[in-house]
Every structure is written in structure tokens, then in C-alpha cells.
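Accompanying notes for the structure given below.
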Amino acid sequence: MTSPIEAPSLVLVPLRPEHADEMAVVLSDPELHAFTGGVPLTAPELRARYERLVAGPPGWRNWVIRSREEDRLVGYVQATIDGRTAEIAWVIGTPWQGRGLATASARALVDRLMSEGINTIVAHIHPDHAASAAVATAAGLRPTDRWHEGEVRWERTV
């Protein structure tokens, strides 16, 4: 079961469909999709997605990021677990970028996963996305020579 993850500047809160209205605002900047494609979802579309994610298999684990300073949602992290490997991703809303929240979130997520026995953490990062590469590096991941759908596979292995 997904449980909260505490960090000094934030808390990762298990995703619920009720987060959709606030998250639709957080994720509304089309620039957030520059490297991943797609467009911002409306609150009803996001609610439907969150309902699917919450009902999904146990290996689908999703959290929204609550900034302690602002007491509001600012992004999300996710982990897809398969055996002892987890593929992770993170997104911080445009107004909150550059404050270290993605780094703090990714580190907290990686620490939790490794404490639960996950021994390989994977992220796929577009080669031109320097900010995500910096977050991955700070979370202990390193780029590999493997590619997946135009993105570099980053890994941290115990």
C-alpha cells in the first residue's frame, strides 16, 4: 500500500482522485509537455486518470507533492514496480520549478523504494532535458548507454 513520504520541505501524499482539481491547475502549463508530448488535461480528465491509477495494480504507486512552505500541491512523483526494479518519474508545476522540490521529491522517493528492497531504480530522460538530468544525478542515478523511445535510460543499482 502506498503511504506518505516525509521530507523536510515537502510531503509526498498518496494520490487520490480528489487531487484532480488542484493538480489540473498545477499541470496546466503546456511547456510541461515539451519533452513528453501531450497537452494539459482538464480536471475531469485528470480525475478519470487518477481513478484508473488508484485502481491499478499494486506496482503502480503515485504521490502528489505537497510543499510545506506553501501548503499546496506542486507536482507529482510515480514509481512503477516490477519485482525489485522501479521505474520512476517526477513533474513539478512551472511556478515551483528551480526551488529544489523535484530533487527533494526524487531523493525521498528513491530512499523509500530502496528501503523497501528495490535494488534498481530507472528513469528515462530526454537527452536535452538538463533539469531532469540534474534531478536524476542528485537522486543517485547515472546515465547508461541504453535508449528507450528517444530517451536515455538512467539507473541506480545497489
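The values are calculated or read from the model by the stated rules, or taken from the named source; none is laboratory data. Since we're looking at a predicted model, the values are computed, not measured. As a convention, Cβ positions derive from the backbone with ideal geometry for all residues, glycine included, and neighbour counts pool all protein chains shown. Just so you know, the surface numbers come from the protein's heavy atoms only, side chains and all, with ligands and any DNA or RNA stripped out. Shrake-Rupley method; radii C 1.70, N 1.55, O 1.52, S 1.80 Å.
Using the charge dipole of region 81-158 (Lys, Arg: +1 at Cβ; Asp, Glu: -1 at Cβ; taken about the Cα centre), state which of Trp154, Ser115, Thr94 has its Cα farthest towards the positive end.
Ser115
With the full set of protein chains in place, find how many percent of the accessible area of the chain is carbon and sulfur; take the probe as 1.4 Å.
So the carbon and sulfur contribution to the accessible surface is 53 percent.
HN-Hα J couplings of region 49-65 from phi, Karplus 6.51/-1.76/1.60, θ = phi - 60°, integer Hz, Gly and Pro as x?
The phi angles translate into 4, 5, 4, 5, 5, 5, 7, x, x, x, x, 8, 10, 9, 9, 9, 9 Hz.
Please work out how much accessible surface Val54 shows to a 1.4 Å probe, ignoring ligands, DNA and RNA, in Å² rounded to 10.
Taking all protein chains as shown, Val54 has close to 80 Å².
Would you work out the charge dipole size for the chain about its Cα centre, treating the Cβ of every Lys and Arg as +1 and the Cβ of every Asp and Glu as -1, and quote it to the nearest 20 debye?
Charge dipole, the chain, about its Cα centre: 380 debye, nearest 20.
Can you give me the P(r) profile for the chain? Cα pairs, bins 10 angstrom wide beginning at 0, each as a whole percent.
P(r) over the chain, rounded to whole percents: 11, 41, 40, 8, 0.
At 1.567 mPa s and 4 °C, plugging the Kirkwood radius over alpha-carbon pairs of region 115-158 into Stokes-Einstein gives what diffusion coefficient in µm²/s?
This corresponds to a translational diffusion coefficient of 122 µm²/s.
Under a 1.4 Å probe, what is the accessible area of region 2-158 per residue, stated in Å²?
On a per-residue basis, 52 Å².
What is the distance in Å between the Cα centres of region 26-99 and region 119-144?
Rounded to whole Å, the Cα centres lie 17 Å apart.
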